[in-house]
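Please treat every number below as a calculation from the coordinates, not as lab data. Because the structure is a prediction, the values reported are computed rather than measured. Please note: Cβ atoms are built from the backbone with ideal geometry, for glycine as well, and neighbour counts cover all protein chains shown.
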Amino acid sequence: MNTAAPVLSRRDFTKTTLLAGAAAAAGPLVQAADSPRRIRTGVIGCGSVSNAYLPVLTKSPFVEVVSLCDIKPERAKRQAERFKVANTYPNIDAMLKGVPFDFLVVLTDMQVHEEINRRGIQAGKHVWSEKPIANTLAVGQEFLRMARAKGVRLWGAPITVQSPQFAFMARQLQAGALGRVAAAHAFYGHEGPSWSAFFYEKLGGSMPDLAVYNFTSLTGLLGPVKRVTAMLSIVTPERTVDDKGRIKVAEEDNAMVLMDHGNGVISHVQSGFNYFNPHGHEGRNETRHTIQVIGSKGYMGLVGYDWEPLGVDLATMDQPALKRHQTDAQGYIWQQGAALAAECLATGKELLVTPEQALHVLEIITAARESAATGRRVDLQSTFKWPVV
């Protein structure tokens, strides 16, 4: 850590680096004479999500992407040519034995995140994982213990708590603008991905793919969850996908999850792969309030999805007409998580994103599945530092 660097709050750091990262993603970067430390990075998983991550990583002044890996070697080679990365590998074993690197970015099918993250930590690599970090809370907590013993860092997507819209909502709640908070609702859904079967296979489903964003935002705003009750279903039992043709759906494509945050606060998340959206799969230009928070003296609605928010509408007893706030993204883009983590490694500064919150969200998902299977309310064991500021 550079002890001579100015001390910034985590929120100020996020704002500053997101602005720099957005500028970097927009075009070539001119580096100063005292160029920052660059973290040698390997990326595993060169499918669809790599098209979002690699443009940001390869333009970050804190990242040197030295290798790409994919079990379909032609995908790694194609991305290596596109992004001018020197080394490609067909599997994690070859990657770990290949050109040295310090930071592993995991963008594979979600079912294999757990095994790859384990291998990365065991090999002494810092790890950024797309959601989820692991398949169970117990394994995720084991990873955290392993990482600390190895002296490496572990982070997991998503980064919704980094947005300026989240910051605005959190400030209003902490200031008591809504009075006594009672309830919140969030939703995220579309008609379902068609390019891969893993979304519908065991350990896939709409919760770890979609509801995970809302779980992260609502726990960030309202605090850790004490207990969960859920109903899950499969609306479309068979799907046709690009990589495997006709498949049977094994995990929920429709979820309703009720969460008790304690102190009387209850929230609800719905997600699914059967939601028509006129804005398409990505939901850009979504103008509905996809997150709503209601209190005794006010109402607050997030405009657009929390991974790409457009603003916050607020109404209170003192100002009952809805007024829109925080329409400026201030450089926030959801694709920047791994690049921001690399900046943390290079500078010693910290993110608002923590592995503890990611693991708490994972426990919400597994508890929801247990609740749906048993018909019982399920108590949670994990927690994280809150409020997120």
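Points worth noting:
- Annotation note: Cβ proximity below 9 Å between a residue of the stretch 255-279 that is over 18 Å from GLU363 (Cβ atoms) and a residue that is outside any strand (DSSP E or B) and among the aromatic types (Phe, Trp, Tyr) (sequence gap 6+ or interchain) occurs for PHE273/PHE199; PHE273/TYR200.
- Within the stretch 49-78, the set of residues being under 13 Å from VAL105 (Cα atoms), in contact (Cβ under 8 Å) with a residue 40 or more places away in the chain and buried (at least 23 other Cβ atoms within 10 Å of the Cβ) comprises SER50, TYR53, LEU57, VAL63.
- Screening GLU356, GLU363 for residues that are surrounded by fewer than 20 Cβ atoms within 10 Å (Cβ to Cβ), among the acidic types (Asp, Glu) and under 17 Å from the mean Cα position of the chain (by Cα) leaves exactly one candidate, GLU356.
- Count of residues meeting criterion [under 30 Å from LYS72 (Cα atoms) and among the small types (Gly, Ala, Ser)] in the stretch 198-253: 6
- Scan of the stretch 338-389 for residues that are in contact with a helix residue (DSSP H, G or I) (Cβ under 7 Å, 6 or more places away or on another chain) and acidic (Asp, Glu), ordered by number: GLU343, GLU350, GLU363
- Reported count of residues in the stretch 249-269, each being in a strand (DSSP E or B), buried (at least 17 other Cβ atoms within 10 Å of the Cβ) and not hydrophobic (A, V, I, L, M, F, W, C), is 5.
- For ALA183, the stated conditions hold: it is part of a strand (DSSP E or B), at negative phi and of a type in the set (Gly, Ala, Ser).
- Subset of the stretch 137-196 [loosely packed, with under 14 Cβ neighbours inside 10 Å and closer than 26 Å to TYR53 by Cβ]: ARG148, GLY151, SER194, TRP195
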